[in-house]
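Peer 1: Starting off with a structure, shown below.
The values are calculated or read from the model by the stated rules, or taken from the named source; none is laboratory data. Since this is a predicted model, take the numbers as computed values, not measurements. Positions of Cβ are generated from backbone atoms using ideal geometry, with glycine treated the same way; all protein chains shown enter the neighbour counts. Just the protein is used for accessible areas: all its heavy atoms, side chains included, with ligands, DNA and RNA removed. Shrake-Rupley method; radii C 1.70, N 1.55, O 1.52, S 1.80 Å.
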Amino acid sequence: MKKGLLIILSGPSGAGKGSVLAEVKKRYDNLAVSVSVTTRQPRAGEIDGVHYHFKTVDEFIELGRQDAFLENECNYGNYYGTLKSEVIDNLNRGKDVVLEIDVKGAFNVLGKYPDAVSIFVCPSSMDVLKERLKGRGSETAEALRVRLTSAIGEIKQATRYGYVVVNNDIQESAEDVVSIIKAEKCSAKINREFIENLANGGNAL
Ligand code: 5GP
């Protein structure tokens, strides 16, 4: 069985990654979205086990002790981590898996999975980003300042990704992401093992 593709989706908070991903899911079936663990408080409307696995710091540390994480980071004073159990089995079953993670986490994962596809979603301008963050209503003035500063730091890393999607329009961005996934699934590097088996196998001659 051909393994699934590991897809990393990053971008500053407020760039619209979550909305784009929701549209990608509607357009592309063979996709498992990894649900991360976090110690931050749920925002209005966020559901445990759907948007995140919400844990206490002690629970998070225990998961780390059990070697349950593919990667984990501290962001804005909270811990975030990708569970191996959300990723490895799905890839082995041929499912493509999306990780919605920050830049540090992305490079950590790329070190372990060099064939992973990395996509950076960014806003068309910093003003747009500021308005989106304010619109969330959950941000204090200080939190907003911290997130904008951090956004600039993340955007500086965007050219290290395989792809950049400027999110002017959620539908168009989702189509771009699906096109990237489909193209990557046809790439020679992803099909290396399949081609070797094809060339070696059978009684064709
Ligand atoms: P938020 O609190 O806005 O949901 O997420 C804050 C940042 O943490 C975002 O950049 C998000 O992509 C990132 N993030 C979410 N889950 C993970 C994870 O499992 N690992 C890492 N490294 N970053 C994550």
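Peer 1: State which residue pairs qualify: first residue in a helix (DSSP H, G or I) and inside the stretch 87-104, second residue within 11 Å of the ligand (Cβ to nearest atom) and not basic (Lys, Arg) in any location, beta carbons under 7 Å apart, and separation of 6 or more residues or different chains.
Peer 2: Matching pairs, first to second residue: 87/34; 87/70; 103/10; 103/154; 104/73.
Here is a yes/no grid of residues against (1) closer than 29 Å to residue 194 by Cα; (2) among the basic types (Lys, Arg); (3) at pLDDT below 95:
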site: 98; (1), (2), (3): yes, no, no
site: 106; (1), (2), (3): yes, no, no
site: 109; (1), (2), (3): yes, no, no
site: 115; (1), (2), (3): yes, no, yes
site: 120; (1), (2), (3): yes, no, no
site: 124; (1), (2), (3): no, no, yes
site: 128; (1), (2), (3): no, no, yes
site: 133; (1), (2), (3): no, no, yes
site: 138; (1), (2), (3): no, no, yes
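Peer 1: Separate question: Give all pairs with beta carbons closer than 6 Å in which a residue from the stretch 107-118 that is closer than 10 Å to residue 161 by Cα meets a residue that is assigned to a helix (DSSP H, G or I) and more than 14 Å from the ligand (Cβ to nearest atom); count only pairs at least 6 apart in sequence or on separate chains.
Peer 2: From the stretch 107-118, the pairs are 117/184.
Peer 1: Report those helices (runs of 4 or more DSSP H) wholly inside the stretch 122-204 carrying at least 1 residues which are within 21 Å of the chain's Cα centre (by Cα) and surrounded by 14 or more Cβ atoms within 10 Å (Cβ to Cβ).
Peer 2: 126-135, 141-155, 170-185
Peer 1: On the given criteria, is residue 54 within 12 Å of the ligand (Cβ to nearest atom), closer than 26 Å to residue 143 by Cβ and either without any contact (Cβ under 8 Å) to a residue 12 or more places away in the chain or buried (at least 18 other Cβ atoms within 10 Å of the Cβ) (or both)?
Peer 2: Numbers: within 12 Å of the ligand (Cβ to nearest atom): yes; closer than 26 Å to residue 143 by Cβ: yes; either without any contact (Cβ under 8 Å) to a residue 12 or more places away in the chain or buried (at least 18 other Cβ atoms within 10 Å of the Cβ) (or both): no.
Taking the combined requirement at face value, the residue does not satisfy it.
Peer 1: Taking residue 96 as the residue in question, decide whether it is surrounded by fewer than 18 Cβ atoms within 10 Å (Cβ to Cβ) and among the acidic types (Asp, Glu).
Peer 2: no
Peer 1: Working only within the stretch 41-51, note down all residues that are open to solvent by 40 Å² or more (accessible area, probe 1.4 Å) and more than 13 Å from the chain's Cα centre (by Cα).
Peer 2: 41, 42, 43, 44, 45, 46, 47, 48, 50
Peer 1: Then there's this: Before we move on, is residue 81 touching a helix residue (DSSP H, G or I) at 6+ places or on another chain (Cβ under 8 Å) and not aromatic (Phe, Trp, Tyr)?
Peer 2: yes
Peer 1: Please work out if residue 11 is closer than 21 Å to residue 112 by Cα and near the ligand (Cβ under 8 Å from one of its atoms).
Peer 2: yes
Peer 1: Taking the stretch 140-166 only, how many residues are touching a helix residue (DSSP H, G or I) at 6+ places or on another chain (Cβ under 7 Å) and either among the small types (Gly, Ala, Ser) or away from the ligand (no atom under 14 Å from the Cβ) (or both)?
Peer 2: Total satisfying the criteria: 4.
Peer 1: Could you grab me the full set of residues in the stretch 57-86 that are within 13 Å of the ligand (Cβ to nearest atom) and in a loop (DSSP other than H, G, I, E, B)?
Peer 2: Our first condition is that a residue be within 13 Å of the ligand (Cβ to nearest atom); within the stretch 57-86, this holds for 60, 63-64, 68-86.
Matches in the stretch 57-86: 68, 76, 77.
Peer 1: Taking the condition farther than 29 Å from residue 190 by Cβ, within 12 Å of the ligand (Cβ to nearest atom) and surrounded by 14 or more Cβ atoms within 10 Å (Cβ to Cβ), does residue 38 pass?
Peer 2: Criteria met by residue 38.
Peer 1: Please go through the stretch 15-35 and give me each residue that is touching a helix residue (DSSP H, G or I) at 6+ places or on another chain (Cβ under 6 Å) and open to solvent by 40 Å² or more (accessible area, probe 1.4 Å), ordered by number.
Peer 2: Those that are touching a helix residue (DSSP H, G or I) at 6+ places or on another chain (Cβ under 6 Å) and open to solvent by 40 Å² or more (accessible area, probe 1.4 Å): 19, 27.
Peer 1: Here is a further query. Condition first: assigned to a helix (DSSP H, G or I) and touching a strand residue (DSSP E or B) at 6+ places or on another chain (Cβ under 7 Å). Now tell me which residues in the stretch 25-56 satisfy that. Before you say what the answer is, go through the steps one by one.
Peer 2: Step one: list which residues in the stretch 25-56 are assigned to a helix (DSSP H, G or I), which gives 25-27.
Answer for the stretch 25-56, where residues must be assigned to a helix (DSSP H, G or I) and touching a strand residue (DSSP E or B) at 6+ places or on another chain (Cβ under 7 Å): just 25.
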